[in-house]
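Below is one structure, written out as C-alpha cells, with a few remarks after it.
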C-alpha cells in the first residue's frame with residue numbers, strides 16, 4: 001500500500017515538475033554524462049541549460065491534464081474522494097490526497113492518462129506501472145498471474161530506467177520486484193493491506209476528547225457506544241436511532257407526480273439530486289431514445 005503510494009507520488013511529482021519534490025534536478029543531469037551512455041540529449045549544455053525532458057508536462061499539457069480530471073473523470077459514489085478537491089489548479093499539482101486516492105488514480109487513471117500527453121515510450125512505461133499494481137491487487141490471484149507479474153516487473157522498471165533520470169530511482173522504485181513473491185506467500189493483497197486499519201484508527205481518533213488521556217477517552221467512548229447499541233433494541237422499529245438512520249441514497253419510495261398517466265418505464269423511484277436543467281436533444285439522442293422506448297416499454301409493445 002505505502003509502496004504504491006510513494007511510487008505514485010514520485011511519478012506525479014516528476015511529471016508535473018513540482019519544485020522541491022521532483023526527482024529531476026541539476027545533479028542528476030550531471031550524473032548522466034558520467035554514468036549513462038546514450039542519454040546525451042538530456043545532459044546539461046555548456047551554458048548550464050537543461051534540455052526539456054520527455055517525461056515532463058509543459059504548461060499547456062498540464063492544464064489539459066487537470067481539465068480532463070475535472071470535467072471527464074467520474075467515479076461511483078464512495079469509490080474515491082472527489083478529485084476536484086484534490087487539485088490545486090493554480091499551482092498545477094495534487095494536494096490533500098489520501099493513500100486510497102493515490103491507489104485509485106494509480107490503478108484506474110495512470111494506465112491511459114498520459115496517452116496523448118507524453119511520448120509513446122514514456123506513456124507505455126508509466127502505464128505498465130499502473131497495470132502492474134492493478135493486477136497485483138486483484139481479488140483472485142493465480143499461479144500463472146503471479147508468474148506473469150514476476151516476469152513483467154523487471155521489464156517495466158528497465159523501461160523506466162531508460163527514460164527517467166538516475167535520481168528518480170530510490171528504494172521505493174525497486175521494492176515492486178519483491179511484491180509478486182510476497183503475494184505468492186501471503187495471498188491476495190486486500191487481506192493484508194492497511195486500509196481497513198487506517199479507517200478504524202480514524203474511527204478511534206474521533207472518540208478522543210481529552211488529549212492528555214487518550215486511551216481512557218477511547219475506552220469511555222467505546223463503552224458508551226456499545227451501551228447505546230444495546231439500548232436501541234428497546235425502542236420500537238419506527239423510532240429512528242443511529243443504526244436505523246436512512247442510508248446516503250435512501251429515496252424513501254418517493255415517486256414523481258404527473259398530471260397524466262405515465263408508463264412505468266418513466267415513473268422511477270427516487271429524488272432529484274439538484275436543480276434540473278433543460279436542453280435540446282440532438283437527432284442521434286432522439287433516435288437512441290425512441291429505440292430504447294420501443295424495446296423496453298411494455299405499454300407500447302403491441303405497436304412494435
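Would you mention how many residues in region 173-198 are crowded, with 16+ Cβ neighbours inside 10 Å and in a helix (DSSP H, G or I)?
6
Taking region 151-172, which residues are more than 25 Å from residue 115 (Cα to Cα) and either in a helix (DSSP H, G or I) or at pLDDT 90 or above (or both)? Listed by number, the list holds a single entry, 171. Just checking, does region 73-84 include any residue being part of a helix (DSSP H, G or I), touching a strand residue (DSSP E or B) at 6+ places or on another chain (Cβ under 7 Å) and surrounded by 14 or more Cβ atoms within 10 Å (Cβ to Cβ)? Looking through region 73-84, none of the residues is part of a helix (DSSP H, G or I), touching a strand residue (DSSP E or B) at 6+ places or on another chain (Cβ under 7 Å) and surrounded by 14 or more Cβ atoms within 10 Å (Cβ to Cβ).
Closer than 24 Å to residue 191 by Cβ, modelled with pLDDT of 90 or more and in contact with a helix residue (DSSP H, G or I) (Cβ under 9 Å, 6 or more places away or on another chain): does that describe residue 133? Criteria met by residue 133.
A count restricted to region 110-122 and to residues that are in a helix (DSSP H, G or I) and more than 18 Å from the chain's Cα centre (by Cα) stands at 3.
Would you point out the residue of region 155-167, among those that are touching a helix residue (DSSP H, G or I) at 6+ places or on another chain (Cβ under 6 Å) and touching a residue at least 40 places away in the same chain (Cβ under 8 Å), that is surrounded by the fewest Cβ atoms within 10 Å (Cβ to Cβ)? Only one residue tops the list, namely 167.
So that you can scan it fast, the table gives a plain yes or no per residue for (1) closer than 22 Å to residue 178 by Cα; (2) in contact with a strand residue (DSSP E or B) (Cβ under 9 Å, 6 or more places away or on another chain); (3) outside the structural domain of residue 63 (by TED's automatic domain parsing):
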| site | (1), (2), (3) |
| --- | --- |
| 101 | no, yes, no |
| 109 | no, no, no |
| 115 | no, no, no |
| 128 | yes, no, no |
| 131 | yes, no, no |
| 137 | yes, no, no |
| 141 | yes, no, no |
| 145 | yes, no, no |
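The set of residues in region 180-199 that are out of contact with any helix residue (DSSP H, G or I) (no Cβ under 8 Å at 6 or more places or on another chain) and in contact (Cβ under 8 Å) with a residue 24 or more places away in the chain comprises 187, 188, 190, 193.
The values are calculated or read from the model by the stated rules, or taken from the named source; none is laboratory data. Remember, it's a predicted structure, so these values are computed and weren't measured experimentally. Here Cβ is always computed from backbone atoms with ideal geometry, including for glycine, and neighbour counts include all displayed protein chains.
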